[in-house]
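First the structure, in the form of structure tokens, and then the observations on it.
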Amino acid sequence: MFRNILWNDYIIVVVFLMVCWYVFVGLRYYLDEIKDVVGGKKKLQGWEKNEELKVEPEADLRIQDSLEGSSSEMYPEESNTIFHEVEALIKQLKSVLNVAAQKEPSKQELEEELRLILIEYPLLSNSPYHSAVTELIVSECEKYGLPVLIQQEVAALWNKRN
């Protein structure tokens, strides 16, 4: 009975069943998101290119999770301001750490340089992004082979004024 079925027919049927399954799952569990994307209310994440700010994927996800969690707690204008400050801080930190990697500074010099940058952003010191930026600094220091800073040391730099 099954000897008359060709491999081509079998593959076509399996692919058709898989497409049907994924359409069913998409409509069943993601119908609202699909409507928002098709209606233009929401953009697909990850489809826009951001050439000027290149963030490591892990750090980007942590910051994005912080952004999504806190946006409903703030007013839109305040959230937008903080978001732009986070972007500016990340860009500045990445460039400074990249340059510092070539100079090979001591741990004290690195801490002082980071402290000077962090005190320029007092709005972020008590924001939900504080821990994500701290993790980013630690991971970037490890990535560039700079003196190892732990999260508690970086968190203390936010509060040092002198």
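The values are calculated or read from the model by the stated rules, or taken from the named source; none is laboratory data. Remember, it's a predicted structure, so these values are computed and weren't measured experimentally. With ideal geometry, Cβ positions are generated from the backbone for all residues, glycine too; neighbour counts draw on all protein chains shown.
I'm trying to understand the selection: among the residues of region 100-115, which are loosely packed, with under 12 Cβ neighbours inside 10 Å and either in contact (Cβ under 8 Å) with a residue 40 or more places away in the chain or over 14 Å from residue 156 (Cβ atoms) (or both)?
102, 103, 106 - these are the residues of region 100-115 that are loosely packed, with under 12 Cβ neighbours inside 10 Å and either in contact (Cβ under 8 Å) with a residue 40 or more places away in the chain or over 14 Å from residue 156 (Cβ atoms) (or both).
Looking at 129, 121, 144, just one residue is touching a residue at least 12 places away in the same chain (Cβ under 8 Å) and in contact with a Ser or Thr (Cβ under 7 Å, 6 or more places away or on another chain), and that residue is 129. Within region 38-57, is even one residue in a helix (DSSP H, G or I) and either assigned by TED's automatic domain parsing to the domain that holds residue 129 or modelled with pLDDT under 70 (or both)? Within region 38-57, one or more residues are in a helix (DSSP H, G or I) and either assigned by TED's automatic domain parsing to the domain that holds residue 129 or modelled with pLDDT under 70 (or both).
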